[in-house]
Amino acid sequence: MTRIFLAIAVLFAAAGCNTVEGLGKDIKKGGEVIEDTAKKAK
């Protein structure tokens, strides 16, 4: 459930980007959040 919420949040953040650079930053941040969540789940 949490992973689905994070994926949706990343998609909304990516949709709000005006530049490719901004999109890259948003994707990187989303990846960091998912990675942190995965580490906590272990």
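The values are calculated or read from the model by the stated rules, or taken from the named source; none is laboratory data. These figures come from a predicted structure and were not determined experimentally. Here the Cβ positions follow ideal geometry from the backbone for every residue, glycine too, while neighbour counts run over all protein chains shown.
Is it the case, given these coordinates, that ALA41 is at pLDDT 80 or above, hydrophobic (A, V, I, L, M, F, W, C) and exposed (fewer than 13 other Cβ atoms within 10 Å of the Cβ)?
Details: at pLDDT 80 or above: yes; hydrophobic (A, V, I, L, M, F, W, C): yes; exposed (fewer than 13 other Cβ atoms within 10 Å of the Cβ): yes.
Answer is yes for this residue.
Could you count how many residues in the stretch 27-42 are farther than 11 Å from ARG3 by Cβ and in a helix (DSSP H, G or I)? Reasoning before the result, please.
Our first condition is that a residue be farther than 11 Å from ARG3 by Cβ; within the stretch 27-42, this holds for 27-32, 35-36, 39-40, 42.
Filter again for in a helix (DSSP H, G or I), leaving 27-32, 35-36, 39-40.
Residues meeting the conditions: 10.
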